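Participant: The structure is given below, and queries will be raised subsequently.
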Amino acid sequence: MKKFFAQAYVWLLLLLLYAPLIFIAIFSFTQSKVMGNWAGFTFDVYKNFFTGNFQGSSALYAALLNTLLIAVVSALVATIMGTLAAISFYNLRGRKKNVLMFVNNIPMINPDIITGVSLFLLFVFLGISKGYLTVILAHISFCTPYVVLSVMPRLTQMNPNIYWAAMDLGATPGQALRKVLIPQLFPGMLSGFILAFTMSLDDFAVTFFTQGTIGLETLSTYIYNDARKNGLTLELRPLMTLIFAFVLIVLLVINLRSAKQARNNKK
Amino acid sequence: MMKPIHRSSWCLPYVVFMAIFVVLPLILIGFYAFSDGNGHFTLANFTKFFQDKDSLATFALSIEVAIENTAICLLLGYPVAWILTNKKLNKSAVTIILFILPMWVNALMRTLATAELFTMFGITLGKGTLLYGMVYDYLPFMIYPIYNTLQKIDPSYAEAAEDLGATPWRVFWKVTVPLSKPGIMSGIMMVFMPTVSTFAISEFLTNNKIKLFGTIIQEKIYASMWNYGAALAFIMLIIIGITTLLTNNDSDNQVEGGLI
Amino acid sequence: MGIAALAALVSCSTDRSKILKVYNWADYIDEAQIAEFEQWYQEQTGKEVHVVYQTFDINESMLTKIEKGHEDYDVVCPSDYIIERMLRSDLLLPIDRNFGDTPDYTQNVAPYIVEKFKQIEGSGKDANDYAVSYMWGTIGIIYNPKFVSEEDVKTWEVLRDPRFKDKIYMKEAFRDVYTTLLIALNKDAIDAGEKTIEELPFDTSDESIAMVEQFLNDCKPNIAGYEADFGKEYMTQEKGWMNLSWSGDAAWAIGEAKDMGVELRYAIPEEASIVWFDGWVIPKYAKNVDAARYFINFLCRPEMALRNMDEIGYVSAIGGPEILAAKQDSTQFAAEDATYFFGEEAKGVCIDPVQYPSDEIIARCGMLHDTGDRTAALQEMWSRVKGDSANALTYIIIIAAVAAIAAAALISKNRKKSRHKKSGRR
């Protein structure tokens, strides 16, 4: 009985959490602009979305491309810089380490808008005209802390003697990094990269303040501008449905696989 | 004897980067907050805020909404985290993923979808819908940290208490809740501050009827009133500082206190 | 491909003379014309230009960007009272209308509008030297005849009629709303000759503000939301029954709604309205003045004016026989007098009354003006009305929460102390 109520509670909340997504998904299969008016089942909205047959299609495509480009570049830079930093932070001790780790945590504690405003002021102060460069720099600044925090635990688990063995055998520090450290740290780097990538994809506020006036839009800022005019436009429904379905499938596959592995390991 | 890997030079790029893109920007908020358009020191931006009834009222309203949102998220989220970590009530590890999954869909899109749903059912947009949308957006941020700490609690504590004759209710309040305090604290941190400072979301959920403090900051910056905007951001920074200190103190207690 | 785009943008931004930064209202141009202009400009001058097109939806935010942010937009489209303000604060460059071999199409602007621009009080400067009018219109109510009758919208009182609870979308434009309502609420005084439509827009006395505020507070239960742009969309979707809006948005919404099988109409309540004008100007921080003035000239070609009108629903400031000929349609519209705009030929022409209101409606329309220092007072009134903001309960909740946190902190401190004592004994 207790279990029933507990499960019912959890699933009720999940239902509420998913209701908007489900409704959007349902109404992505009809041509009606107004949610709630069913105008017959059709794939037309999807067709139009993929063929670019709607108003402002090129702007939306450009925004999607920008979003991916910015996310890939900033996540890559963040991963490289963050991994190197994590290795050397890990071996620091005392006050120095505390201060650096504290600064590292600042972008994670700060609400987006503070990060955005502070970077906005920085670029104004330095006189850098805002555009791709500023957005990418801004994204790197809030992505890297996540990489550092993802790589750190792997370092705890690693035996540093492997590194010294490589050095003793005549490897340069660079070689030791490439051949020994990176393979060991790779899982942490990967999860850091993925975290950084999703943080960048999802960001709105920081991009908003650093995008400047050259017409650079990401998906978030595109949606923001579009929604101020038209609410949630028709073309965004299939887009959201596809993103949602993609995430759902990826996460479920990963989890089923790791659950399977865990079971196999037990045997 | 294990010798640590000394490669302090490797963090140099990141340290320099942080100095320019994390520390300097925060200093600049302070600098702009305390100066006028020509860079001279002034407190005018702050006195302006305390005389600006509109901004003050919005500030108070934002704090209220944030308190309510945090409280509702905690009340709704704690039971979820508890149920999901309780082996007797839940065996699936996927359920927690289901709570986090919507976060991968763009937040603005989800917010718009929620507002759209309200309009569809003919519900008037206003403070009620704002709170619903906020809870909707931030609930996962409350559940996840609490779930994490609850998961790490050694079940033997609760078992021991039960063996000593404590009722399940008592075990929950005297053992589980105190042990999960760090999770609660970080949940509160992750919900409270972002709620005060959201912008865009509050407008979408109320058809521009209600705006929160984040919107005021955005409006000022967007209208090129940088010094005033910086002063408002500075006020936010102070609140963040205070909440961080408070929560840190409490977690120190926790580490020290352990079981009561 | 992305990298190429990036490289292109980086290289572009270095050579500013090849970029024209246009800052316009959202949905305010047939966007195909932007590319056409790039080509036309090359044909006329042999110079290359790439247009960076950006939009705003609130006059004031555009103004502060230029005034305080010194943004280098080359050509901008503010409203009449903002042009007034920009002239007063010396933010505009005079427009050189000598285009060499290219004809000066800016001559096509209707005399009515040139005359109205002279009423802009820009500290002695003639606004016609600094601005070329683009679009103009009135303010009124878009309504859905399914729910609202023609009789209802004959008066602004409809806004506070309790039958329309939660069904009206209000334009996020405090000055337009204030001025319109002020004239409407002073109808008796105007009829009695005590006040004039020309003077009232300058009146920002506390009594007048209080009068409008009272009216707006009465309206509040009816307001479903404040919008800068999405109102017309919501009207076509029947989410709202009425939308206080500009005539151009009305024309657009009526057309759009028709395609969706929804009937919408536009009415100017009988007491009062506003005629407003938007015009192209070149701000003083512009970096590509030459392309900017050619851009303005390009948009004054009757052909472009007609296309823009079709696309966005607003009415072009361009007058003349070509426009009149294109706009007449006896199958759709009843005859009216539009002589103020097209001259004597326009007596009894069949033309869209949403776009070109008749002579008699125009006669009771005021014009917007810059209210200087009193703007803040207007704005405060507006946020007071809008604000679902803090009330007594807000402060009670905040104080209760702070008290609860303090109490919790105290209790845990005491516990810690007592625990220390205990462990001491142990």
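Participant: Report yes if A:ALA227 is closer than 28 Å to B:LEU98 by Cβ, of a type in the set (A, V, I, L, M), within 12 Å of chain B (Cβ to nearest Cβ) and not in a loop (DSSP other than H, G, I, E, B), otherwise no.
Facilitator: For A:ALA227, the condition - closer than 28 Å to B:LEU98 by Cβ, of a type in the set (A, V, I, L, M), within 12 Å of chain B (Cβ to nearest Cβ) and not in a loop (DSSP other than H, G, I, E, B) - is met.
Participant: Can you give me the ranges of the helices (runs of 4 or more DSSP H) entirely in segment B:86-162 with at least 1 residues that are within 12 Å of chain A (Cβ to nearest Cβ) and farther than 30 Å from C:GLY387 by Cβ?
Facilitator: B:94-100, B:127-152
Participant: Under 28 Å from C:GLU48 (Cα atoms), of a type outside the set (A, V, I, L, M, F, W, C), in contact with a Lys or Arg (Cβ under 7 Å, 6 or more places away or on another chain) and in a loop (DSSP other than H, G, I, E, B) - does that describe any residue in segment C:285-307?
Facilitator: yes
Participant: State the number of residues belonging to segment C:391-426 that are outside any helix (DSSP H, G or I) and either among the β-branched types (Val, Ile, Thr) or modelled with pLDDT under 70 (or both).
Facilitator: Total meeting the criteria: 1.
Participant: Exactly one of these conditions fails for B:ILE239: (1) more than 19 Å from the chain's Cα centre (by Cα); (2) at pLDDT 80 or above. Give me its number.
Facilitator: Of (1) more than 19 Å from the chain's Cα centre (by Cα); (2) at pLDDT 80 or above, only one is false for B:ILE239: (1).
Participant: Just give me the residues in segment B:149-163 being surrounded by 14 or more Cβ atoms within 10 Å (Cβ to Cβ) and either of a type in the set (Lys, Arg) or in contact with a Gly (Cβ under 6 Å, 6 or more places away or on another chain) (or both), in sequence order.
Facilitator: B:THR149, the sole residue that qualifies.
Participant: Quick check: anything in segment A:122-132 over 27 Å from B:LEU24 (Cβ atoms) and more than 13 Å from chain B (Cβ to nearest Cβ)?
Facilitator: No, segment A:122-132 contains no residue that is over 27 Å from B:LEU24 (Cβ atoms) and more than 13 Å from chain B (Cβ to nearest Cβ).
Participant: Oh, and also: Out of the strands (runs of 3 or more DSSP E) lying entirely within segment C:234-283, which hold 1 or more residues that are in contact with a Leu (Cβ under 6 Å, 6 or more places away or on another chain)?
Facilitator: By residue number, C:273-283.
Participant: Related question: Kindly provide the set of residues from segment C:191-229 that are among the hydrophobic types (A, V, I, L, M, F, W, C) and touching a strand residue (DSSP E or B) at 6+ places or on another chain (Cβ under 8 Å), ordered by number.
Facilitator: Of everything in segment C:191-229, those that are among the hydrophobic types (A, V, I, L, M, F, W, C) and touching a strand residue (DSSP E or B) at 6+ places or on another chain (Cβ under 8 Å) turn out to be C:ILE197, C:LEU200, C:CYS219, C:ILE223, C:ALA224, C:ALA228.
Participant: Looking only at segment A:30-51, filter to residues that are within 16 Å of A:MET240 (Cα to Cα), away from chain B (no Cβ under 14 Å) and outside any helix (DSSP H, G or I); which one of those is farthest from the chain's Cα centre (by Cα)?
Facilitator: My answer is A:GLN31.
Participant: Any idea which of (1) surrounded by fewer than 23 Cβ atoms within 10 Å (Cβ to Cβ); (2) modelled with pLDDT under 90; (3) not aromatic (Phe, Trp, Tyr) is the one A:LEU239 doesn't satisfy?
Facilitator: With (1) surrounded by fewer than 23 Cβ atoms within 10 Å (Cβ to Cβ); (2) modelled with pLDDT under 90; (3) not aromatic (Phe, Trp, Tyr) applied to A:LEU239, the lone miss is (2).
Participant: When residues of segment B:32-74 are filtered for being under 16 Å from B:ILE217 (Cα atoms), part of a helix (DSSP H, G or I) and not polar (S, T, N, Q), how many remain?
Facilitator: 14
Participant: Still on this model: Kindly indicate whether A:ILE140 is within 27 Å of A:LEU65 (Cβ to Cβ), surrounded by fewer than 20 Cβ atoms within 10 Å (Cβ to Cβ) and either at the interface with chain B (Cβ under 8 Å from one of its Cβ atoms) or among the aliphatic types (A, V, I, L, M) (or both).
Facilitator: When the stated conditions are applied, A:ILE140 does not pass them.
Participant: Would you confirm whether any residue within segment C:352-365 is more than 11 Å from every other protein chain (Cβ to nearest Cβ), under 19 Å from B:LYS53 (Cβ atoms) and at pLDDT 80 or above?
Facilitator: Checking segment C:352-365: not a single residue is more than 11 Å from every other protein chain (Cβ to nearest Cβ), under 19 Å from B:LYS53 (Cβ atoms) and at pLDDT 80 or above.
Participant: Now a separate question. C:LYS327 - would you say it is at pLDDT 90 or above, farther than 22 Å from C:ASN59 by Cβ and of a type in the set (D, E, K, R)?
Facilitator: No: the conditions fail for C:LYS327.
Residues are listed down the side, and each one gets a yes or a no for (1) of a type in the set (Ser, Thr, Tyr); (2) over 15 Å from B:GLY183 (Cβ atoms); (3) free of Cβ contacts under 8 Å to residues at least 60 places away in the same chain:
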residue	(1), (2), (3)
B:MET103	no, yes, yes
B:LEU112	no, yes, no
B:THR119	yes, yes, yes
B:LEU125	no, yes, no
B:THR129	yes, yes, no
B:ASP137	no, yes, no
B:PRO140	no, no, yes
B:ASN148	no, no, yes
B:LYS152	no, no, yes
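Participant: Please name all residue pairs, on different chains or six or more residues apart, with Cβ atoms under 7 Å, provided the first residue is in segment B:219-244 and is within 11 Å of chain C (Cβ to nearest Cβ) and the second residue is outside any helix (DSSP H, G or I) and among the small types (Gly, Ala, Ser).
Facilitator: Going by the 7 Å Cβ cut-off, the qualifying pairs are B:SER224/C:GLY69; B:ASN227/B:SER35; B:ASN227/B:GLY37.
Participant: Determine whether segment A:244-257 contains at least one residue that is in contact with a helix residue (DSSP H, G or I) (Cβ under 6 Å, 6 or more places away or on another chain), of a type in the set (Val, Ile, Thr), at pLDDT 85 or above and outside any helix (DSSP H, G or I).
Facilitator: Looking through segment A:244-257, none of the residues is in contact with a helix residue (DSSP H, G or I) (Cβ under 6 Å, 6 or more places away or on another chain), of a type in the set (Val, Ile, Thr), at pLDDT 85 or above and outside any helix (DSSP H, G or I).
Participant: Checking A:THR233 against (1) at pLDDT below 85; (2) in contact with a Phe, Trp or Tyr (Cβ under 9 Å, 6 or more places away or on another chain); (3) assigned to a helix (DSSP H, G or I); (4) within 11 Å of chain B (Cβ to nearest Cβ), which test does it fail?
Facilitator: (3)
Participant: Within segment B:177-201, count every residue that is more than 24 Å from B:LEU130 (Cα to Cα) and buried (at least 20 other Cβ atoms within 10 Å of the Cβ).
Facilitator: Count: 3.
Participant: Give me a count of the residues in segment C:370-389 that are in a loop (DSSP other than H, G, I, E, B), crowded, with 20+ Cβ neighbours inside 10 Å and of a type outside the set (S, T, N, Q).
Facilitator: 1
Participant: Continuing with the same structure: Any idea which residue in segment A:164-194 is nearest to the other protein chains (Cβ to nearest Cβ), counting only those that are surrounded by 20 or more Cβ atoms within 10 Å (Cβ to Cβ) and not aliphatic (A, V, I, L, M)?
Facilitator: It comes out as A:GLY192.
Participant: Condition first: more than 14 Å from chain B (Cβ to nearest Cβ), under 20 Å from the mean Cα position of the chain (by Cα) and in a loop (DSSP other than H, G, I, E, B). Can you find one or more residues in segment C:78-92 that meet it?
Facilitator: Yes: one or more hits.
Participant: Something else now. Got a number for residues in segment B:75-95 being at pLDDT 85 or above and either surrounded by fewer than 18 Cβ atoms within 10 Å (Cβ to Cβ) or over 16 Å from the mean Cα position of the chain (by Cα) (or both)?
Facilitator: Number satisfying all stated conditions: 9.
Participant: Here is a follow-up. Check segment A:150-163 and report whether any residue there is within 23 Å of B:PRO13 (Cα to Cα), of a type in the set (Val, Ile, Thr), part of a helix (DSSP H, G or I) and more than 11 Å from chain B (Cβ to nearest Cβ).
Facilitator: yes
Participant: Now for a different question. Look through A:LEU60, A:LEU76 and report the one residue that is within 21 Å of the chain's Cα centre (by Cα), crowded, with 17+ Cβ neighbours inside 10 Å and part of a helix (DSSP H, G or I).
Facilitator: It is A:LEU60.
Participant: Also, quick follow-up: For the subset of segment A:199-217 comprising residues that are facing chain B (nearest Cβ under 10 Å) and in a loop (DSSP other than H, G, I, E, B), which member is surrounded by the most Cβ atoms within 10 Å (Cβ to Cβ)?
Facilitator: A:ASP203
Participant: Taking segment C:61-75, which residues are buried (at least 19 other Cβ atoms within 10 Å of the Cβ) and within 13 Å of the chain's Cα centre (by Cα)?
Facilitator: The answer is C:MET62, C:LEU63.
The values are calculated or read from the model by the stated rules, or taken from the named source; none is laboratory data. Worth saying up front: this structure is predicted, and the values here are computed from it rather than measured. All Cβ positions, glycine included, derive from the backbone under ideal geometry; neighbour counts span all protein chains shown.
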